[in-house]
Amino acid sequence: MLDWRWDFAFEVLPRLLLATLNTLMAAGLGYGIALVVGLVFALAQRTRYRLVTAIARESVEFIRSTPLVLQIFFVFYVFPQFGIRLSPWTAGMIAIGLHYASYLSEVYRGGLESVPRGQWEACTALNLGTARTYFRIIVPQALPPALPGMGNYLVGIFKDTPMLSVIGVAELMHTANAIGSESYRFLETYTMVGLLFLLISLPAAAGLRAFEAWVRRAFGLSR
Amino acid sequence: MSYWEFLGEYGIRFVSGAIVTAEQTVPASALAIGIPVVFGLMRLSRSFVIRSAAIAYIEFFRGTSLLVQLYWIFFVLPLFGLTLEKFAAGFIAVGMNLGAYGAEVVRGAIRSVPHGQTEAAIALNLSPATRMRRIILPQALLIMLPPWGNLLIELLKGTALVSLISVADLMFAARQVNGSTFLSAQAFGTALIVYYVMARLVVTPAMRATERVMASRLGRT
């Protein structure tokens with residue numbers, strides 16, 4: 001029956017906390033990749049070239065509709081088949097970064113589409129260049145509606161990092177599995193992993209809500 | 001070995017894996033549809049206790065990872081005297097996880113039904129239960145169906161994780177074939193394509209059809 005051992009819990013806590021740092025780093029790196037590649041996916045869907053648009057569109061759909069864990073395996077095992085060896089970290093970051101890039105490109109697209117057509121027309125009428133149109137007029141208006149989605153996916157990528165454990169990235173879940181198989185004590189280990197996730201993701205979600213509210217005020221969009 | 005020979009030899013494993021994935025998806029979807037209706041309504045309850053219970057459930061399952069929940073249900077619950085067979089543990093974890101996301105969809109949809117509908121129902125002297133069942137929920141259902149389509153695709157993708165507790169689903173088949181042939185691109189690529197086909201050619205059209213049926217039953221066509 002249930003026997004929670006505090007001494008064991010405290011014994012493995014430092015290892016779990018250290019692994020949490022790796023989890024946070026994985027989430028941060030993956031999100032960084034996703035932010036940039038997502039933008040490429042989103043802009044590629046807005047070009048004049050039908051073929052580029054179609055390829056970008058289908059890629060995003062494909063990546064979005066297939067499981068991340070399978071994509072992680074795919075990247076990790078397929079590249080070596082063609083002679084490119086990837087470390088678990090590299091493969092993991094590519095897979096999770098691409099997966100979330102496809103989500104973020106949809107968020108960007110929604111944000112860009114929420115800017116009224118008249119704004120684009122006004123930019124043309126004022127003879128603004130592409131860069132100024134985007135950076136001074138469009139992005140400041142597209143960003144606030146995109147922020148909630150971007151925030152959700154930041155928390156989302158954090159919660160998906162345990163999948164990286166399947167290829168041996170030493171993040172929280174991987175460490176927990178290692179502790180579990182050394183000691184056969186799953187109760188304390190997995191419970192603490194769950195609590196660590198809660199302790200980070202709930203305040204992070206609340207913080208992001210506050211940040212969105214601040215941005216909306218700063219851009220003069222509400223109240 | 002050409003890809004066609006590969007499919008000829010190992011295709012049957014992918015087919016049986018895909019069947020298990022479907023067998024996981026169906027009960028998980030049933031859970032992920034039933035739970036949100038109950039918890040979404042509890043979330044809107046006037047009673048503090050009921051509302052808190054719903055919030056606790058929703059925040060707990062949305063705040064941790066599906067994989068952590070799956071392992072917890074499979075490895076830790078038996079220590080509480082509740083042993084689940086791996087197949088059941090798989091779809092229960094996936095269903096309960098997606099159910100928490102669904103509960104928020106249900107809540108949002110119910111709240112976005114115009115308030116005049118509630119007032120009209122009260123003016124017509126409908127009981128609260130009838131009001132919810134006959135007036136509010138049908139209209140909310142129409143609003144929540146599109147986000148449900150996305151959630152069901154998330155759910156289908158989520159079932160890939162049950163392979164990690166050795167349920168022999170599509171993902172599991174791909175790993176086995178990869179392990180015995182070392183043809184990673186073929187093994188994982190085939191599984192990716194099958195998942196894509198299931199999501200785009202089964203789940204999405206089914207949801208579109210449901211949306212059309214619901215819209216016409218509510219006279220909104």
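Any residue that is within 13 Å of another protein chain (Cβ to nearest Cβ) and surrounded by fewer than 20 Cβ atoms within 10 Å (Cβ to Cβ) - is there at least one of those in region A:46-58?
In the first step, residues of region A:46-58 are kept if they are within 13 Å of another protein chain (Cβ to nearest Cβ); the result is A:57-58.
With the extra rule that they be surrounded by fewer than 20 Cβ atoms within 10 Å (Cβ to Cβ), the set shrinks to A:57-58.
Yes.
Answer with yes or no whether residue B:105 is assigned to a loop (DSSP other than H, G, I, E, B) and in contact with a helix residue (DSSP H, G or I) (Cβ under 6 Å, 6 or more places away or on another chain). Steps first, answer last, please.
Values: assigned to a loop (DSSP other than H, G, I, E, B): no; in contact with a helix residue (DSSP H, G or I) (Cβ under 6 Å, 6 or more places away or on another chain): yes.
Considered against the rule, which asks whether it is assigned to a loop (DSSP other than H, G, I, E, B) and in contact with a helix residue (DSSP H, G or I) (Cβ under 6 Å, 6 or more places away or on another chain), residue B:105 comes out as no.
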Scanning region B:108-123 residue by residue, those outside any helix (DSSP H, G or I) and open to solvent by 50 Å² or more (accessible area, probe 1.4 Å) turn out to be B:114
Do you know which of the residues in region A:206-220 that are touching a residue at least 24 places away in the same chain (Cβ under 8 Å) and open to solvent by 30 Å² or more (accessible area, probe 1.4 Å) is nearest to the chain's Cα centre (by Cα)?
A:208
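From the list B:102, B:95, pick out the single residue that is modelled with pLDDT under 95 and of a type in the set (Gly, Ala, Ser). Please lay out each step first, then the result.
Values: B:95 fails: modelled with pLDDT under 95.
None of the others qualify; the one that does is B:102.
So is residue B:125 within 18 Å of residue B:26 (Cβ to Cβ) and either within 14 Å of chain A (Cβ to nearest Cβ) or among the polar types (S, T, N, Q) (or both) or not?
Numbers: within 18 Å of residue B:26 (Cβ to Cβ): no; either within 14 Å of chain A (Cβ to nearest Cβ) or among the polar types (S, T, N, Q) (or both): yes.
In short, no.
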Residue A:152: passes all of (1) open to solvent by less than 60 Å² (accessible area, probe 1.4 Å); (2) of a type in the set (S, T, N, Q); (3) closer than 25 Å to residue B:157 by Cα but (1)
Mind listing just one residue for me: the one in region B:36-53 that is under 22 Å from residue B:98 (Cβ atoms) and basic (Lys, Arg) and, of those, surrounded by the fewest Cβ atoms within 10 Å (Cβ to Cβ)?
B:51
Report the residue count in region A:184-223 for those that are of a type outside the set (A, V, I, L, M, F, W, C), farther than 18 Å from residue A:19 by Cα and in a helix (DSSP H, G or I).
6
Just one of the numbered conditions (1) touching a Phe, Trp or Tyr at 6+ places or on another chain (Cβ under 6 Å); (2) within 14 Å of another protein chain (Cβ to nearest Cβ) is not true of residue B:54; which one?
(2)
Taking into account only those residues within region A:184-198 that are open to solvent by 40 Å² or more (accessible area, probe 1.4 Å) and facing another protein chain (nearest Cβ under 9 Å), which is nearest to residue B:164 (Cα to Cα)?
A:186
Is it true that some residue in region A:162-183 is surrounded by fewer than 18 Cβ atoms within 10 Å (Cβ to Cβ), more than 14 Å from chain B (Cβ to nearest Cβ) and in a loop (DSSP other than H, G, I, E, B)?
yes
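Out of B:126, B:152, B:156, which single residue is part of a loop (DSSP other than H, G, I, E, B) and surrounded by 14 or more Cβ atoms within 10 Å (Cβ to Cβ)? Lay out the reasoning, then the answer.
Details: B:152 fails: part of a loop (DSSP other than H, G, I, E, B); B:156 fails: part of a loop (DSSP other than H, G, I, E, B).
Of the residues listed, the single one that is part of a loop (DSSP other than H, G, I, E, B) and surrounded by 14 or more Cβ atoms within 10 Å (Cβ to Cβ) is B:126.
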I'm told residue B:145 meets every condition in (1) open to solvent by less than 30 Å² (accessible area, probe 1.4 Å); (2) within 14 Å of chain A (Cβ to nearest Cβ) except one. Can you identify the failing condition by its number?
(2)
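Being in contact (Cβ under 8 Å) with a residue 12 or more places away in the chain and farther than 16 Å from residue A:38 by Cβ is the filter; apply it to region A:123-149 and report the residue that is most open to solvent (accessible area, probe 1.4 Å). Before you say what the answer is, go through the steps one by one.
First, the residues of region A:123-149 that are in contact (Cβ under 8 Å) with a residue 12 or more places away in the chain: A:123, A:133, A:137-138, A:140-149.
When the remaining residues are screened for being farther than 16 Å from residue A:38 by Cβ, the result is A:123, A:133, A:137-138, A:140-141, A:144.
Working: A:123: 5, A:133: 12, A:137: 47, A:138: 0, A:140: 38, A:141: 67, A:144: 4 Å².
Filtering region A:123-149 for residues that are in contact (Cβ under 8 Å) with a residue 12 or more places away in the chain and farther than 16 Å from residue A:38 by Cβ, the one most open to solvent (accessible area, probe 1.4 Å) comes out as A:141.
Within region B:159-201, track down each residue that is of a type in the set (D, E, K, R) and either in a helix (DSSP H, G or I) or facing chain A (nearest Cβ under 7 Å) (or both).
Once the filter is applied, which keeps residues that are of a type in the set (D, E, K, R) and either in a helix (DSSP H, G or I) or facing chain A (nearest Cβ under 7 Å) (or both), region B:159-201 yields B:175, B:200.
I'd like the residue in region A:1-23 that is within 14 Å of another protein chain (Cβ to nearest Cβ) and of a type in the set (A, V, I, L, M, F, W, C) and, out of all such residues, is nearest to the chain's Cα centre (by Cα). Write out each step before concluding.
First, the residues of region A:1-23 that are within 14 Å of another protein chain (Cβ to nearest Cβ): A:1-5, A:8-9, A:16, A:19-20, A:23.
Keeping just the survivors that are of a type in the set (A, V, I, L, M, F, W, C) gives A:1-2, A:4, A:8-9, A:16, A:19.
Working: A:1: 39, A:2: 36, A:4: 34, A:8: 33, A:9: 30, A:16: 22, A:19: 19 Å.
Filtering region A:1-23 for residues that are within 14 Å of another protein chain (Cβ to nearest Cβ) and of a type in the set (A, V, I, L, M, F, W, C), the one nearest to the chain's Cα centre (by Cα) comes out as A:19.
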For residue B:204, which of the numbered conditions (1) without any contact (Cβ under 8 Å) to a residue 60 or more places away in the chain; (2) facing chain A (nearest Cβ under 10 Å); (3) buried (at least 16 other Cβ atoms within 10 Å of the Cβ); (4) out of contact with any Gly (no Cβ under 8 Å at 6 or more places or on another chain) fails to hold?
(4)
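Run down B:185, B:174, B:168, B:209 and say which single residue is open to solvent by less than 50 Å² (accessible area, probe 1.4 Å), in contact with a Ser or Thr (Cβ under 8 Å, 6 or more places away or on another chain) and not hydroxyl-bearing (Ser, Thr, Tyr).
On the way: B:185 fails: in contact with a Ser or Thr (Cβ under 8 Å, 6 or more places away or on another chain); B:168 fails: open to solvent by less than 50 Å² (accessible area, probe 1.4 Å); B:209 fails: in contact with a Ser or Thr (Cβ under 8 Å, 6 or more places away or on another chain).
Of B:185, B:174, B:168, B:209, the one residue that is open to solvent by less than 50 Å² (accessible area, probe 1.4 Å), in contact with a Ser or Thr (Cβ under 8 Å, 6 or more places away or on another chain) and not hydroxyl-bearing (Ser, Thr, Tyr) is B:174.
Say whether the condition of being open to solvent by 70 Å² or more (accessible area, probe 1.4 Å) and either within 9 Å of chain B (Cβ to nearest Cβ) or not in a loop (DSSP other than H, G, I, E, B) (or both) is met by at least one residue in region A:59-75.
Pass one, region A:59-75, residues open to solvent by 70 Å² or more (accessible area, probe 1.4 Å): none.
No: zero hits.
The values are calculated or read from the model by the stated rules, or taken from the named source; none is laboratory data. Being a predicted model, the structure only gives us computed values, none of them experimental. Positions of Cβ are backbone-derived with ideal geometry, glycine not excepted, and every protein chain shown enters the neighbour counts. All accessible areas refer to the heavy atoms of the entire protein, side chains included, with ligands and DNA or RNA removed. Shrake-Rupley method; radii C 1.70, N 1.55, O 1.52, S 1.80 Å.
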